[in-house]
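The values are calculated or read from the model by the stated rules, or taken from the named source; none is laboratory data. These figures come from a predicted structure and were not determined experimentally. Positions of Cβ are backbone-derived with ideal geometry, glycine not excepted, and every protein chain shown enters the neighbour counts.
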């Protein structure tokens, strides 16, 4: 099997696209879809073994990828990596700023070091990648950038450091869209809601019950999956989005619109099967997070 993208084959033929955090989760899925659509995908992350594994998957499917281990929080390392990509590929047509990470903690327990680590990963690193891609290629040739943020609309209790960083990335997206438009560069963001991906495996065991209960707070009554986020990213990178810049596309099943006083009415089984809301499962190598794998066979659906 290969990736079952809804987009046209060859959509990104001849393009080189960087995907940070490409060794797992949404980044891995997006890398597979972009490669299936003709791009040479450059996987970037801190763990070489994960990047090599995803490169192997993509090549086994008949597509093209390479990888560069890089700590995106380190300015010199980012500059060197971007230069290496240009030396090898000759171009950088698009950047998917997906790398990120956080830990669960109330604000009063977060140290300055912990705060800075999350902000540097989720905001500063994305800024450095975007700036270097713009300076070294896109400023003269154009391109597209998609920054991955999160469902932090209103608040993000228990992960206030991540919420602050993601809100900053939305503002950065809007500013870059204005400043770089004259060069033919579009900058947008995608905000995933509750997505069943390998990132959930990084939370402590005591979070399992909370994770399993999360779909009950989503009007569409389920988790999203990686392929549904990847499709939003691919759309924003595609020519179909040529007049979209400075926007944030939410992929969250309307969860932020939930209000007290309006009863939750999740779709019943028949409604779940209707084409408009039925899960899109295009990723042929998708893996159910371990926290759901032992459930009743339905996983995160």
Of everything in region 38-83, what is free of Cβ contacts under 8 Å to residues at least 40 places away in the same chain, assigned to a helix (DSSP H, G or I) and within 20 Å of residue 26 (Cβ to Cβ)? Give them in sequence order. 48, 49, 50, 51, 52, 53, 54, 55, 56, 58
Of the residues in region 191-237, those that are out of contact with any strand residue (DSSP E or B) (no Cβ under 6 Å at 6 or more places or on another chain) and under 17 Å from residue 23 (Cβ atoms) come to 197, 198, 199, 200, 201, 202, 226, 230
Just a yes or no: is a residue in region 152-169 without any contact (Cβ under 8 Å) to a residue 40 or more places away in the chain and assigned to a helix (DSSP H, G or I)? yes
Condition (residue is surrounded by 19 or more Cβ atoms within 10 Å (Cβ to Cβ), in a loop (DSSP other than H, G, I, E, B) and in contact with a strand residue (DSSP E or B) (Cβ under 7 Å, 6 or more places away or on another chain)) applied to region 174-184: is it met by at least one residue? yes
For residue 13, indicate whether it is at pLDDT 95 or above, part of a helix (DSSP H, G or I), out of contact with any helix residue (DSSP H, G or I) (no Cβ under 9 Å at 6 or more places or on another chain) and surrounded by fewer than 24 Cβ atoms within 10 Å (Cβ to Cβ). no
Among (1) in a strand (DSSP E or B); (2) over 24 Å from residue 170 (Cβ atoms), residue 86 falls short only on (1)
Could you grab me the full set of residues in region 236-255 that are buried (at least 17 other Cβ atoms within 10 Å of the Cβ) and more than 20 Å from residue 180 (Cα to Cα)? 250, 251, 252, 253, 255
